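> If you scroll down you'll find the structure; I have some questions about it.
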Amino acid sequence: GAVVSQHPSWVICKSGTSVKIECRSLDFQATTMFWYRQFPKQSLMLMATSNEGSKATYEQGVEKDKFLINHASLTLSTLTVTSAHPEDSSFYICSADGRNNEKLFFGSGTQLSVL
Amino acid sequence: RKEVEQDPGPFNVPEGATVAFNCTYSNSASQSFFWYRQDCRKEPKLLMSVYSSGNEDGRFTAQLNRASQYISLLIRDSKLSDSATYLCVVTQGGQNFVFGPGTRLSVLP
């Protein structure tokens, strides 16, 4: 089956630094990838939809200048949390459509802790 | 009203019990329905798709009621390993996947 690789799995950083998270589709081309954030005991919240070769579409309330998304190839999308603050600490997870556009394949997630 | 709603639980059940979860969705144009399972700090994993005719996979049975706009998941003979959060996912076709808040299940020895 389709595999999505996400790394790093864990990041601990100081407040004010930027953190980049990578999401790769390993055996298929993903024209669209999704980025989610999940706070403890809450559901996945869609942050943005990443489209290859074009600008990402951000959900309401998500700052596009803070959460930079780059989807430069059909197999790689990156999320950069710029000037991270403690309130950005969360579980970030990416996903990509399967070939039939009916199922989502998830990366393993990144736990970000900002000190 | 939220697009997809679930009882957050937790559902605490003994091993061997049968447990059922419901999920309601607000968009009558929704096309595809899924149940995902998520363990703590892990990615969601597809448990099963849900079809109008209902479908079964081992101890798991999923059903869809389009008229009432709800989806159900039944787990029979619960195992300790079934403890997780179960996410109801609805799509309006294409790439718009909407997640429910999840229902937490704890199966107790």
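> I'm trying to understand the selection: among the residues of the range A:42-56, which are facing another protein chain (nearest Cβ under 8 Å) and of a type outside the set (A, V, I, L, M)?
A:42, A:43, A:49
> Just need a number here: residues in the range A:69-106 that are part of a strand (DSSP E or B), at pLDDT 85 or above and either polar (S, T, N, Q) or loosely packed, with under 15 Cβ neighbours inside 10 Å (or both).
Number of matching residues: 7.
> Only one of B:18, B:61 is modelled with pLDDT of 95 or more and in contact with a strand residue (DSSP E or B) (Cβ under 6 Å, 6 or more places away or on another chain); which?
Being modelled with pLDDT of 95 or more and in contact with a strand residue (DSSP E or B) (Cβ under 6 Å, 6 or more places away or on another chain) holds for just one of B:18, B:61, which is B:61.
> Given A:28, A:34, which one is part of a loop (DSSP other than H, G, I, E, B) and within 16 Å of residue A:95 (Cβ to Cβ)?
A:28
> Same structure, new question: Return the residues of the range B:62-109 that are more than 13 Å from the chain's Cα centre (by Cα) and closer than 30 Å to residue A:56 by Cα; say none if nothing qualifies.
B:91, B:92, B:93, B:94, B:95, B:96, B:97 - these are the residues of the range B:62-109 that are more than 13 Å from the chain's Cα centre (by Cα) and closer than 30 Å to residue A:56 by Cα.
> Then there is this: When the residues of the range B:33-67 are narrowed to those that are within 9 Å of another protein chain (Cβ to nearest Cβ) and not hydrophobic (A, V, I, L, M, F, W, C), which ends up nearest to residue B:20 (Cα to Cα)?
Among those residues, the one meeting the criterion is B:36.
> Let me ask you something else. Output the number of residues of the range A:38-68 satisfying the condition of being among the basic types (Lys, Arg) and either within 14 Å of the chain's Cα centre (by Cα) or at pLDDT 90 or above (or both).
The number of residues fulfilling the criteria is 2.
> Okay, next question. As an exercise: evaluate residue A:41 against (1) among the charged types (D, E, K, R); (2) farther than 21 Å from residue B:100 by Cβ; (3) surrounded by fewer than 17 Cβ atoms within 10 Å (Cβ to Cβ) and give the number of the one condition it does not meet.
(2)
> A further question on this structure: If we scan the range B:81-89, do we find a residue that is out of contact with any strand residue (DSSP E or B) (no Cβ under 7 Å at 6 or more places or on another chain) and either within 14 Å of chain A (Cβ to nearest Cβ) or crowded, with 18+ Cβ neighbours inside 10 Å (or both)?
Within the range B:81-89 (the criterion being out of contact with any strand residue (DSSP E or B) (no Cβ under 7 Å at 6 or more places or on another chain) and either within 14 Å of chain A (Cβ to nearest Cβ) or crowded, with 18+ Cβ neighbours inside 10 Å (or both)), the answer is no, since none of the residues qualifies.
The values are calculated or read from the model by the stated rules, or taken from the named source; none is laboratory data. What you see is a predicted model, and the numbers here were worked out from it, not measured in a lab. Quick reminder, even Gly has a Cβ in these numbers, built from the backbone with ideal geometry, and neighbours come from all protein chains shown.
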